[in-house]
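Single-structure report; data block below.
A short reminder: the numbers here are calculations on the coordinates, not readings from a lab. The shown structure was predicted, so the numbers you read here are calculated from the model rather than taken from an experiment. Glycine also receives a Cβ, built like all others from the backbone with ideal geometry; neighbour counts cover every protein chain displayed.
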Amino acid sequence: MSRKKTDKPQELLSHNLIIRVTEALFNKLEKLRKESHQLSIAHVCRNILLNREIKIYVEDASLNPIMEQLAQVRKELKAIGVNINQITRNFNQDRVGAHQPVYIQKAAEQYAKVDERVETLLALISKLAEKWLQE
């Protein structure tokens, strides 16, 4: 499959440059490529030559447990929402109305679980705020 034609031929990368660098410089460029999530060392070098900004991405491993807890709370809230939807559907399908108080009680229990999870979320968010807003 051929490359798509461009309407700006002056922007094509049409010339090859071959350079030699030391092992130390190559390692620095490779490290910069990994940290900036660039596709190749050539792309990093082009950005350096054109004085473009290179963004370095740093992962904070101390936030991993908090993020895992947030994901778990999100999963639990989703499950509670599904339960509430099922209870509501059963409530609305109960034509006789004899079991409606039971459905109301079940829905109230699920909403109590939501309150617990919201408290957990607020605690996690305060931990994140302490981490990110420290001076």
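Odds and ends about this structure:
- Residue (of A71, Q105, V118) at the positive-pole extreme of the range 69-119, dipole from beta-carbon charges: A71
- Percent RCO, i.e. relative contact order, over the chain, from Cα pairs under 8 Å lying at least 6 residues apart: 17 percent
- Note on the chain: with charges restricted to the Cβ of Lys and Arg (+1) and Asp and Glu (-1), its dipole about the Cα centre is near 820 debye.
- Debye log10 I(q)/I(0) at q = 0.11 Å⁻¹ for the range 1-75, Cα point scatterers: -0.53
- Eigenvalues of the alpha-carbon gyration tensor of the chain, scaled by 5 and square-rooted, set the equivalent ellipsoid semi-axes at 56, 24, 11 angstrom, largest first.
- Exposed loop sites here mean trypsin sites (Lys or Arg not before Pro) with a DSSP loop assignment and at most 13 other beta-carbon atoms within 10 Å; the chain contains its longest site-free run at 96-135.
- Lysine pairs within the chain, Cα separation less than 29 Å, 8 or more sequence positions apart or different chains: 20
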